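A.B. asks: Here it is, the structure, as structure tokens.
The values are calculated or read from the model by the stated rules, or taken from the named source; none is laboratory data. Since the structure is predicted, the reported quantities are computational estimates derived from the model, not experimental observations. Cβ coordinates were reconstructed from backbone atoms using ideal geometry, including for glycine residues, and neighbour counts include every protein chain displayed.
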Ligand code: GP0
């Protein structure tokens, strides 16, 4: 129904014919014999035909207008599936659904054949994907630049309650939407040494004795909603420079070719599965320089096709660095400007620092990248020279501003203690530094990056994250999307603030019924998914209480499951205790090397085993761990949630974005005053959320004072002591009572994430949820208000702010002349 607008330009019969022909030419088969995967491919190629003309037209327009372009540099783009979203944004979804029906196929089933493009870990990568959607929808010229990992985020299996990791061979059937652009390949150099050559009185720095790879771009279309704009996500593959020369008898040549082949292969082999944590591996630094050098080289070449004067670069280009991972861009741009364009340092530095901008996504110390100088300089000798000079000049500036203050140098230098500090390089080399939620930016300014803020306050700004409503409502929750459009029209699709018009319906009983009935239908859909994938029966009439996100101690899945253990204890021992039936749903991948996180997964599954099979509690509690949480099943999960668990230790979650997806789909937040939760509460009102726990200030105060003593709680709180004891008495590990001792120790010795400290407050908030849910009208109103007040959290709003305040972009209109 939302999709009828542009149906006029859709040639249904032509489309059907094309699908049939595609099956024939691609697979040498009549369509009746095609596998579902083959039908998916054939449909996608037919859709690609509709994309290509718009893609070409968009780039013609950009060139004609010689527009300023943002290059969003990111190690991660967590795109999920493309087909459904592309159809949505082309506004052909319903039409194609009908066409496929007529061919005897169900579009949903065809969509399910597509593997997720999981080139990212979690929030940071998914944010990049939402940003691309918004940039195209708003008509802003943009490239996403990343890596074409052969294997994306691992597939998670659960065996015997434990996580097992399996390779994600997402390209095995080919990617119908990508276009290889060999003509834009560039060379990227590693290692060797730097030689100085004097030409006409100027020193030139030349890297010699290096190894190199050819970076080859693959372009993926990013389709704007209903506006003919198609932007590009450019992901780089690595190939060997030298082709194998089979008739060469020169052993040295042959070995060199093999070496190059291996280097190329390993660079793009796999995404590092760490979230909010860096591993410091040499290969990771290679990946970073590989895609940055390629992206920056290509951007400069493109700039030069349309512009003569390299000094105009900042007027035409911004490099937005998504966290510290791409910050080697600062030095790479300096290298190109000096070594290839022949500029002097000051000139090059002026251009660089007006072209680069940096987004910080975390204050977690273990996530801030630092590279040993030894490794960095060996791998990138010329880049290291440049970093040294950046550091030398930056330290001079610090000393000039703060004479004799060694602390300032220690806290701000790019090179210190034998390390290259990537965040400091990013800040020194950027005109903008932004945090991703108001609270996060405040903490950066007042604590984490205080010295930098004091030196240059005008450099700092906030851009509260957002999510795209096209994927997370229009595609993920068609029932609710149609209902909203019925009530208030469809402008919300491109202007989410329209949702506030729903407020007039929140007290209307008929609307409440309709809204909650849609939730119920979505819960049935999820219950079916859970039955198919977990073989657990869950009751869609129970409260669906959901925590889906990466597994991390600071996100406190452990608090959630300890509380489930506590509720179960109460049901078993307090005859007068009763609760509304609740289904606790978890979904989370743990980084492969993060032992404690993996143990928490095992604990959740062990509790599930006990609780789900205890008939005496009459199904009051069910615990479900959804295997392989990813973008595609997230779409089903958000739509079905009643309660959104956002329970990080206050001050740790920079923003969160899942919280916004739940809100949009009508699930109130049960959370701490952390990240963007603060702004969610501001929008929806504290009475329409369940807020608990220490504030960020309180947490930081404890930390300044050296923590708190969890034993005080252990000694004084019987309920807490009981669940802690159950971690080590075999209640959930009869075969190995010591299995969870590490969790017990972490909680009783230090409890750095304040889990015990917040326990009572959390349990109390959970009781309020229980009570509130039983007031049907009150709950319906609260749920509807969450949807109605979600307007701020569109990534369209976020991107408008970036575009106006940081990037200075202009919108472009694209028309298709037929
Ligand atoms: C932050 F530093 N984030 C990092 C990282 O390495 N990976 C990552 O996903 C996340 C934050 O944890 C976040 O709070 C935030 O919303 C997101 O970046 C986007 O800004 C929740 O995922």
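A.B. asks: Please note which helices (runs of 4 or more DSSP H) are completely contained in segment 408-526 and include at least 3 residues that are within 16 Å of the ligand (Cβ to nearest atom) and touching a residue at least 40 places away in the same chain (Cβ under 8 Å).
C.D. replies: In segment 408-526, 422-428, 438-443 are the helices (runs of 4 or more DSSP H) which contain 3 or more residues that are within 16 Å of the ligand (Cβ to nearest atom) and touching a residue at least 40 places away in the same chain (Cβ under 8 Å).
A.B. asks: Against the condition without any contact (Cβ under 8 Å) to a residue 60 or more places away in the chain and away from the ligand (no atom under 16 Å from the Cβ), how does residue 330 come out, does it pass?
C.D. replies: Against the criterion (without any contact (Cβ under 8 Å) to a residue 60 or more places away in the chain and away from the ligand (no atom under 16 Å from the Cβ)), residue 330 does not qualify.
A.B. asks: Now a separate question. Return yes or no: is residue 157 within 16 Å of the ligand (Cβ to nearest atom), touching a strand residue (DSSP E or B) at 6+ places or on another chain (Cβ under 9 Å) and either over 21 Å from residue 54 (Cβ atoms) or in a helix (DSSP H, G or I) (or both)?
C.D. replies: Numbers: within 16 Å of the ligand (Cβ to nearest atom): no; touching a strand residue (DSSP E or B) at 6+ places or on another chain (Cβ under 9 Å): yes; either over 21 Å from residue 54 (Cβ atoms) or in a helix (DSSP H, G or I) (or both): yes.
Considered against the rule, which asks whether it is within 16 Å of the ligand (Cβ to nearest atom), touching a strand residue (DSSP E or B) at 6+ places or on another chain (Cβ under 9 Å) and either over 21 Å from residue 54 (Cβ atoms) or in a helix (DSSP H, G or I) (or both), residue 157 comes out as no.
A.B. asks: Out of (1) within 16 Å of the ligand (Cβ to nearest atom); (2) without any contact (Cβ under 8 Å) to a residue 60 or more places away in the chain; (3) part of a helix (DSSP H, G or I), the odd one out for residue 571 is which?
C.D. replies: All conditions pass for residue 571, except number (1).
A.B. asks: Give the residues of segment 674-696 that are within 14 Å of the ligand (Cβ to nearest atom) and in a loop (DSSP other than H, G, I, E, B), sorted by residue number.
C.D. replies: 674, 675, 676
Let's see how each residue does on (1) within 30 Å of residue 612 (Cβ to Cβ); (2) outside the structural domain of residue 303 (by TED's automatic domain parsing); (3) touching a helix residue (DSSP H, G or I) at 6+ places or on another chain (Cβ under 7 Å):
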| site | (1), (2), (3) |
| --- | --- |
| 109 | yes, yes, yes |
| 122 | yes, no, no |
| 138 | no, no, yes |
| 160 | yes, no, no |
| 165 | yes, no, no |
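A.B. asks: Go through (1) outside any loop (DSSP other than H, G, I, E, B); (2) modelled with pLDDT of 95 or more and name the single condition residue 176 misses.
C.D. replies: Result: residue 176 passes all but (1).
A.B. asks: Ok, one more. Out of 20, 56, 52, 110, I need the residue that is modelled with pLDDT of 95 or more and surrounded by 18 or more Cβ atoms within 10 Å (Cβ to Cβ). Which one?
C.D. replies: So the residue among 20, 56, 52, 110 that is modelled with pLDDT of 95 or more and surrounded by 18 or more Cβ atoms within 10 Å (Cβ to Cβ) is 110.
A.B. asks: Of the numbered conditions (1) touching a strand residue (DSSP E or B) at 6+ places or on another chain (Cβ under 8 Å); (2) under 30 Å from residue 608 (Cα atoms), residue 680 fails exactly one; give the number of that condition.
C.D. replies: (2)
A.B. asks: Tell me which of these residue 461 doesn't satisfy, since it passes every other one: (1) touching a helix residue (DSSP H, G or I) at 6+ places or on another chain (Cβ under 7 Å); (2) buried (at least 18 other Cβ atoms within 10 Å of the Cβ).
C.D. replies: (2)
A.B. asks: Moving on. Just one of 672, 657 is closer than 30 Å to residue 155 by Cβ and touching a residue at least 24 places away in the same chain (Cβ under 8 Å); which is it? It would help to see each step written out before you state the result.
C.D. replies: Working: 672 fails: closer than 30 Å to residue 155 by Cβ.
None of the others qualify; the one that does is 657.
A.B. asks: Being surrounded by fewer than 19 Cβ atoms within 10 Å (Cβ to Cβ) and away from the ligand (no atom under 16 Å from the Cβ) is true for just one of 388, 366. Which residue is that?
C.D. replies: On the way: 366 fails: away from the ligand (no atom under 16 Å from the Cβ).
Every option except 388 fails the conditions.
A.B. asks: Could you check segment 743-757 and list, in sequence order, the residues that are part of a helix (DSSP H, G or I) and loosely packed, with under 15 Cβ neighbours inside 10 Å?
C.D. replies: Within segment 743-757, 745, 749 meet the criteria.
A.B. asks: Could you check, for segment 121-128, whether at least one of its residues is at pLDDT 95 or above and assigned to a loop (DSSP other than H, G, I, E, B)?
C.D. replies: Yes.
A.B. asks: Of all residues in segment 140-158, count the ones that are in contact with a helix residue (DSSP H, G or I) (Cβ under 7 Å, 6 or more places away or on another chain) and within 24 Å of residue 598 (Cα to Cα).
C.D. replies: Number of matching residues: 1.
A.B. asks: Which residue out of 453, 416 is touching a strand residue (DSSP E or B) at 6+ places or on another chain (Cβ under 8 Å) and surrounded by 17 or more Cβ atoms within 10 Å (Cβ to Cβ)?
C.D. replies: Exactly one residue qualifies, and that residue is 453.
A.B. asks: Right, another one. So, in segment 580-613, how many residues would count as being in contact with a helix residue (DSSP H, G or I) (Cβ under 8 Å, 6 or more places away or on another chain), surrounded by fewer than 19 Cβ atoms within 10 Å (Cβ to Cβ) and farther than 24 Å from residue 742 by Cβ?
C.D. replies: 1
A.B. asks: So residue 242 passes all but one of these: (1) touching a helix residue (DSSP H, G or I) at 6+ places or on another chain (Cβ under 7 Å); (2) within 30 Å of residue 808 (Cβ to Cβ); (3) part of a loop (DSSP other than H, G, I, E, B); (4) free of Cβ contacts under 8 Å to residues at least 24 places away in the same chain. Which condition number does it fail?
C.D. replies: That leaves (2) as the condition not met.
A.B. asks: Considering each of 75, 79 in turn, give the residue that is part of a strand (DSSP E or B) and modelled with pLDDT of 95 or more.
C.D. replies: After applying the criteria, what remains is 79.
Every residue, every condition in (1) within 16 Å of the ligand (Cβ to nearest atom); (2) over 30 Å from residue 154 (Cβ atoms); (3) outside the structural domain of residue 594 (by TED's automatic domain parsing); (4) out of contact with any strand residue (DSSP E or B) (no Cβ under 6 Å at 6 or more places or on another chain), yes or no:
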site: 269; (1), (2), (3), (4): no, no, yes, yes
site: 284; (1), (2), (3), (4): yes, no, yes, yes
site: 288; (1), (2), (3), (4): yes, no, yes, yes
site: 309; (1), (2), (3), (4): no, yes, yes, yes
site: 313; (1), (2), (3), (4): no, yes, yes, yes
site: 342; (1), (2), (3), (4): no, yes, yes, yes
site: 357; (1), (2), (3), (4): yes, yes, yes, no
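A.B. asks: Just for segment 637-670: of the residues that are more than 23 Å from residue 434 (Cβ to Cβ) and assigned to a strand (DSSP E or B), which one is farthest from the ligand (Cβ to nearest atom)?
C.D. replies: Step by step, filter segment 637-670, then rank; the result is 643.
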